[in-house]
Amino acid sequence: VRVVPAEPAGSPRTDGLDLVHRPRRNRRTDWARRMVRENVLTANDLIWPLFLVDGDNLRVPVPSMPGVERISVDQAVREAERAARLDIPCLALFPYTDPKLRDETGSEALNPDNLVCRTVRAIKKEVPDIGVLCDVALDPYTSHGHDGLLQDGQILNDETVDVLIRQSLLQADAGCDIIAPSDMMDGRIGAIRDGLDEAGHQSIQIMAYAAKYASVFYGPFRDAVGSSTTLTGDKRTYQMDYCNTNEALREVELDLEEGADMVMVKPGLPYLDIVHRIKETFSHPTFVYQVSGEYAMIQAAAANGWLDGEKAMVESLMAFKRAGADGILTYFAPRVAEKLKQGRLF
Ligand code: PBG
C-alpha cells in the first residue's frame, strides 16, 4: 500500500490510498447492502413461548418480563389465531401452576386435564394449522421447583424419566406436535421416543433441549411459572456447566443418537459459540432459546432509554441466524412478526 501525503485540509483528495480492495463499496447504498446481505430473518424462524394461567378471559402481567403476560386458555386460542395470521409456525406452552396444585412429585404433570393439555386441545380445535410444542419437565409442578424427582437432596434420573414418558404421552394424546424435554435427565430422549412410538405417536417430533446450561438468565421465567419462590438450591447436577463446550457437543450427539429430530441450545445470545459449533458439527435442525433474562435485559434497557429496544430486538435475532440457528424461541416473536408484516427490517 502506497501512502501519499495528505492534501491540505478542505481540498478534495485527488489521490489517496492505492487500494485494490475497498469493502465499503458494497456498503455505500441501501440497495447494495441488501444485494450482498448474507442472512435473512422471516416469521418462519420464530417459535413463540406462551405462559398459561387457569381462569377465564385473564391476562396477568409478568413483572420481570415487561410486555409478557400469563394468559388463560381462551386468550391462548386468540394468540394462536394471531400467530397464524403473522405466519409464526409454532407456539411453545408453559403453565403457571397454583402452589396448591404443586407437590413433591409434580403429580399435576400427569393430570390429563391439566392446564397445558386443555390448552393444546383448545388450540388444536380452533387453529389446527399451527404447530404446538410442549415442554417436558416437572418444574412447573413440583413443590421444590426442580425438573425431576427429589430424594434425599438428589434428583433421581431414571425414576424421573419414567414420569417424563408419561407426561409426554398425555401431551401427545392432547394433540401436541412437538415434545420438547427440557429436564436434562440422561437417556430421556430415547425413552420418550420409545414410549411415543409404542403408543402410536410415531409422527410426533422431538425437539431436545440438548445443550441446556445452568443459567442465571432463567430467573424471570421462574417468576412467570411460579417456581422462583419454591426452588430450593440450584440445577447444576443436571443442567450443564457454562464453562464447557465439548460437553454440549456430546449432549447433542447423544440426543441425536436417541432419536431427537431437532436440538436446541439454551440460553441464546451468551451461547452463540455453542450454536455455531453444534450446527457446524452435526448439520441437524438447530434451535436456540432467547431466554427470559435476555428478553428482560433488552426491555429494561429500552425502558430506561439506554438503547433502542426495537433495534436491539432485531439485531439480537439476526445474530442467532448468523450463528447458524434454524429457528429461535423468543418472547419477541409476535412483535418482530408484526414488524416483518409491515415491511423490511434491515
Ligand atoms: C424448565 C424450563 C426453564 C426454561 C424453559 N424450560 C427454566 C429452568 O430450567 O429453570 C427457561 C426459559 C426462559 O428462561 O425463558 N425446565
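For the stretch 171-181, the condition of being buried (at least 22 other Cβ atoms within 10 Å of the Cβ), farther than 25 Å from Pro128 by Cα, modelled with pLDDT of 95 or more and not polar (S, T, N, Q) holds for none of the residues. Pairs are defined by a Cβ separation below 7 Å, a sequence spacing of at least 6 or placement on different chains, a first member in the stretch 167-189 that is free of Cβ contacts under 8 Å to residues at least 60 places away in the same chain, and a second member that is of a type in the set (S, T, N, Q) and buried (at least 22 other Cβ atoms within 10 Å of the Cβ); the pairs so defined are Ile179/Ser168; Ile179/Gln171; Asp183/Thr160; Met185/Thr160. Out of all the residues in the stretch 159-192, which are hydroxyl-bearing (Ser, Thr, Tyr) and touching a Phe, Trp or Tyr at 6+ places or on another chain (Cβ under 7 Å)? Matches in the stretch 159-192: Ser182 only.
Checking Thr286, Thr330, Thr281 one by one, the residue that is without any contact (Cβ under 8 Å) to a residue 40 or more places away in the chain and either farther than 23 Å from Gly219 by Cα or surrounded by 21 or more Cβ atoms within 10 Å (Cβ to Cβ) (or both) is Thr281 and no other. Apart from one condition, Gln202 fits all of (1) within 24 Å of Cys90 (Cβ to Cβ); (2) within 13 Å of the ligand (Cβ to nearest atom); the exception is (2).
Looking only at residues in the stretch 143-170 that are among the hydroxyl-bearing types (Ser, Thr, Tyr) and at pLDDT 95 or above, the one that is surrounded by the fewest Cβ atoms within 10 Å (Cβ to Cβ) is Thr160. Evaluation of Asp223 against the conditions (1) out of contact with any Ser or Thr (no Cβ under 8 Å at 6 or more places or on another chain); (2) not in a loop (DSSP other than H, G, I, E, B) shows that the sole unmet condition is (1).
In this structure, Asp162 does not satisfy being within 16 Å of the ligand (Cβ to nearest atom), of a type in the set (Asp, Glu) and closer than 24 Å to Ala199 by Cβ. Any chance the stretch 31-45 includes a residue that's at pLDDT 95 or above, touching a strand residue (DSSP E or B) at 6+ places or on another chain (Cβ under 8 Å) and surrounded by 10 or more Cβ atoms within 10 Å (Cβ to Cβ)? Yes. Tell me, yes or no, whether the stretch 70-82 has at least one residue that is in a loop (DSSP other than H, G, I, E, B), within 30 Å of Ser227 (Cβ to Cβ), modelled with pLDDT of 95 or more and out of contact with any His (no Cβ under 9 Å at 6 or more places or on another chain). Yes, the stretch 70-82 contains at least one residue that is in a loop (DSSP other than H, G, I, E, B), within 30 Å of Ser227 (Cβ to Cβ), modelled with pLDDT of 95 or more and out of contact with any His (no Cβ under 9 Å at 6 or more places or on another chain).
Determine whether the stretch 236-246 contains at least one residue that is touching a residue at least 60 places away in the same chain (Cβ under 8 Å) and surrounded by fewer than 16 Cβ atoms within 10 Å (Cβ to Cβ). Yes, the stretch 236-246 contains a residue that is touching a residue at least 60 places away in the same chain (Cβ under 8 Å) and surrounded by fewer than 16 Cβ atoms within 10 Å (Cβ to Cβ).
Any residue in the stretch 189-198 that is within 16 Å of the ligand (Cβ to nearest atom), modelled with pLDDT of 95 or more, closer than 27 Å to Asp129 by Cα and surrounded by 15 or more Cβ atoms within 10 Å (Cβ to Cβ)? Yes, the stretch 189-198 has at least one match. Pairs linking a residue in the stretch 251-267 that is in contact (Cβ under 8 Å) with a residue 40 or more places away in the chain and within 16 Å of the ligand (Cβ to nearest atom) to a residue that is aromatic (Phe, Trp, Tyr) and in a helix (DSSP H, G or I), with Cβ atoms under 8 Å and 6 or more positions apart or on different chains, are Val263/Phe282; Val265/Tyr271; Pro267/Phe217; Pro267/Tyr218.
The values are calculated or read from the model by the stated rules, or taken from the named source; none is laboratory data. Predicted model only: the values in this text are computed from it and were never measured. Ideal geometry is used to build each Cβ from the backbone, glycine not excepted, and the neighbour counts take in all protein chains shown.
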